[in-house]
Amino acid sequence: MDLSVVVPTIRPRSVIEVVEYLDRCSFEDYEVIIREDVPVTKARNEGYNRAKADKILFLDDDSMPRDGYLRAASETLETEATVAGRTIHPRDDVFADQLTAHYDFGDEPRYVERFWGCNMGVRREVLDAVGGWDDDMGLGHEEKELAERLLREHCIYYDPQMIVDHVYADSLPDFWKKRYKLEKGTPYYLRKQGASRDEIVFKTLSYPLN
């Protein structure tokens, strides 16, 4: 097996969009591992621990990879330890442009310092070496925290050919719900970074303003 695709979800399998989009890709040497564990970090860990391949991809259940995605990921992970794909918010709505400017790293391949859990890949031995995802890390910080650990020993390569359409938020209430979950996880993330109590209070209150 060349690629293992790990998909965390709490939705019924019949409505998981990513499987349909992967089936459209002209690449067959892959498996999909769907995990329903809570939290999402545990689902990703359980998925990659059960994977048959050494090249592990992580997608969300509503990720929409374009044709060529799997082949590009396979080729990149032959030589790179970690890869961030190109993620595009596919709607012309309130979240387009400024609110999703961080989402898409652009047209040119390069090395970056972040990746998004809806479109990324890591070689198994690299995940093993850093201890995988932190099961206790809250949604939103888990990608940043894992990237920081990976960057101590490896680089994160950005491959603009690994294109995934992924809606940033369905509505303003959905956006604020995600922001709330992010802020709930901020104190744990900061404690793990060694921040003092005063720093945690200050930075937690500052995050929503950034």
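Of the residues in the stretch 28-44, not one is modelled with pLDDT of 95 or more, under 24 Å from LEU127 (Cα atoms) and touching a His at 6+ places or on another chain (Cβ under 7 Å). Scanning the stretch 1-25 for residues that are open to solvent by 80 Å² or more (accessible area, probe 1.4 Å) and not acidic (Asp, Glu) gives MET1, ILE10, PRO12, ARG13, SER14, ARG24. Here LYS184 qualifies as of a type outside the set (Val, Ile, Thr), at pLDDT 75 or above and open to solvent by 50 Å² or more (accessible area, probe 1.4 Å).
When the stretch 41-63 is filtered for residues that are more than 18 Å from ASP128 (Cβ to Cβ) and buried (at least 22 other Cβ atoms within 10 Å of the Cβ), the ones remaining, listed by number, are LEU59, SER63. Number of residues in the stretch 86-111 that are within 14 Å of the chain's Cα centre (by Cα) and either open to solvent by less than 20 Å² (accessible area, probe 1.4 Å) or closer than 22 Å to ASP174 by Cβ (or both): the value is 5.
Take the residues in the stretch 136-148 that are closer than 27 Å to PRO90 by Cα and part of a loop (DSSP other than H, G, I, E, B); name whichever of them is most open to solvent (accessible area, probe 1.4 Å). Walk me through it before giving the result.
Pass one, the stretch 136-148, residues closer than 27 Å to PRO90 by Cα: 138-147.
If we keep only those that are part of a loop (DSSP other than H, G, I, E, B) as well, we get 138-140.
On the way: GLY138: 18, LEU139: 84, GLY140: 29 Å².
By that ranking, first place goes to LEU139.
The values are calculated or read from the model by the stated rules, or taken from the named source; none is laboratory data. All values reported here derive from a predicted model rather than from experimental measurement. Positions of Cβ are generated from backbone atoms using ideal geometry, with glycine treated the same way; all protein chains shown enter the neighbour counts. Protein only, heavy atoms only, side chains kept; ligands, DNA and RNA dropped before computing areas. Shrake-Rupley method; radii C 1.70, N 1.55, O 1.52, S 1.80 Å.
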